[in-house]
Amino acid sequence: MHVPPQTDALPDTSSVSFPCPTSARIGVHFNNLMTRTGVLLTNIGTPDEPTPEALARYLRQFLMDEYVLDMPFIKRWLLVNRIIVPRRKHYAAEHYQKIQMEEGSPLLVYTQRFAAGLAGELSEDYVVEIGMRYGNPSIQAGLANLKKTGVDRIVAVPLYPQYTQSSFQTAVVETKKQAQKLGLTDKLKFVDPFYVDPGFIEAWAQIVRDHFETYSADHILFSYHGVPVRHIQQVDNAGYCQNNDACCAQIGSANQNCYRAQCHATSRAVALNLSLKPDEFTTCFQSQFGKDEWIGPSFEDLLVELPKRGIKSIAVACPSFVADCLETLEEIGIRGREEFQEAGGENLTLVPCVNSHPLWVKAAASLVRAAAEQPAAAGAEPANAH
């Protein structure tokens, strides 16, 4: 498969990184008055250390979230504390140890680099803080730091390109909850899901181009984090969802909040930017667990199916993640490669996430500036979300 070079392609900047301060300052002027804007970057989070003890704390906080495991509290508590955590903490710690960087967990390290780059792009009157949904630094801590600096408004940026309750929505709910406790509700604004934002798409497309300057592949997989089918049905008040490619072929008022449809829209936009043909890429979903029905097709199933179709070399990009993490580096880059080769494939390469790529930094800065001009508490309210 050939990815055509962009005639005005930028030089390879995929290895560019930024220093990692915890916050940085910037601002906007109105009528000669200085307005200080806080920016809160929120991602899922990461354990404090790659140890079973730290994983147990992290998994309990993560899995006790009703937006993640949507079941009655007692059932959820028993499942998490008596079954999942005791069984998974050692197994999960081993996986985190495989990808640990010298500076710490990849998700946190790449988010810190991105925050530093974003602060530099925005200029002097912005203050950028990180607040993870689970683990540290927390959303509460990030908002508290912004309050101490005396910002006039806060733009919260859930770093999830596509909307789903178990990632984007729970981040919004927790941010609003902590903002209310700190008396910041009237200062709060949100960046909406940016799954087809032109700058975000261009950043992904350029990273794929850079990747193909070094690697080759017969096929590209766009792999997104999976969710149970019931999650997308819960926001389908119109009864539109059929959980297939036909109903996800375009975004309209009936499926505007459908995670699966938004993922397909991201794939189509990146593929169009790269001039890929429909048979040169596939959208799929990873990280399924439990006995529920999950949206598909499954990444794991494709690892077995593709070699049978004669596709022996694949590249995998993960556009539901803005920072490389356990799900990309270990699940795809290590385990996925091993499973693909065991199934008869020859080579699987992982396309890096947007991380702190300059094009993504510029795109995110534009999203923040646009949100800053909106009324307080604007954004982040999907029409059909419960």
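The values are calculated or read from the model by the stated rules, or taken from the named source; none is laboratory data. Since we're looking at a predicted model, the values are computed, not measured. Virtual Cβ from ideal backbone geometry, glycine too; neighbours counted across all protein chains shown. Heavy atoms of the whole protein, side chains included, go into the accessibility calculation; ligands, DNA and RNA do not. Shrake-Rupley method; radii C 1.70, N 1.55, O 1.52, S 1.80 Å.
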Handout entry: Members of region 197-213 found to be more than 28 Å from Leu143 (Cα to Cα) and open to solvent by 30 Å² or more (accessible area, probe 1.4 Å), listed by number
Key = Pro198, Glu202, Phe212, Glu213
Handout entry: Matching strands (runs of 3 or more DSSP E) fully within region 256-362 where at least 2 residues are at pLDDT below 95
Key = none
Exercise for the section: Out of Tyr110, Tyr91, report the one residue that is open to solvent by 10 Å² or more (accessible area, probe 1.4 Å), aromatic (Phe, Trp, Tyr) and within 30 Å of Ser366 (Cα to Cα). Expected result: Tyr110
Handout entry: Test result for Leu69, over 29 Å from Leu359 (Cβ atoms), open to solvent by 30 Å² or more (accessible area, probe 1.4 Å) and not basic (Lys, Arg)
Key = no
Practice task
Considering only region 67-83, state which residues are within 16 Å of Ser167 (Cα to Cα) and in contact with a helix residue (DSSP H, G or I) (Cβ under 7 Å, 6 or more places away or on another chain).
Solution key: Tyr67, Val68, Leu69
Handout entry: Residue among Thr175, Thr214 that is modelled with pLDDT of 95 or more, more than 17 Å from Ala323 (Cα to Cα) and part of a loop (DSSP other than H, G, I, E, B)
Key = Thr214
Fill in the blank from the handout: All-but-one check, Lys148 against (1) over 30 Å from His264 (Cβ atoms); (2) open to solvent by less than 10 Å² (accessible area, probe 1.4 Å); (3) out of contact with any Lys or Arg (no Cβ under 8 Å at 6 or more places or on another chain), failing number (2)
Fill in the blank from the handout: Here the residues within region 169-188 that are among the polar types (S, T, N, Q) and in contact (Cβ under 8 Å) with a residue 60 or more places away in the chain are Gln169, Thr170, Thr175, Thr185
Practice task
Name the one entry in Ser223, Ser167 that is touching a strand residue (DSSP E or B) at 6+ places or on another chain (Cβ under 6 Å) and either of a type in the set (Phe, Trp, Tyr) or at pLDDT 95 or above (or both).
Solution key: Ser223
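Rundown of residues vs (1) within 28 Å of Ile44 (Cα to Cα); (2) out of contact with any Gly (no Cβ under 9 Å at 6 or more places or on another chain), yes/no style:
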| position | (1), (2) |
| --- | --- |
| Ala205 | yes, yes |
| Tyr224 | yes, yes |
| Pro228 | yes, no |
| Tyr240 | no, no |
| Asn255 | yes, yes |
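Table: residues versus (1) touching a residue at least 12 places away in the same chain (Cβ under 8 Å); (2) surrounded by fewer than 23 Cβ atoms within 10 Å (Cβ to Cβ); (3) under 19 Å from the mean Cα position of the chain (by Cα).
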| site | (1), (2), (3) |
| --- | --- |
| Gln288 | yes, yes, yes |
| Ser298 | yes, yes, yes |
| Cys318 | yes, no, yes |
| Ile332 | yes, no, yes |
| Glu346 | yes, yes, no |
| Pro352 | yes, yes, yes |
| Pro358 | yes, yes, yes |
Practice task
Can you tell me which residue among Ala269, Ala254, Ala261 is crowded, with 22+ Cβ neighbours inside 10 Å and of a type in the set (A, V, I, L, M)?
Solution key: Ala261
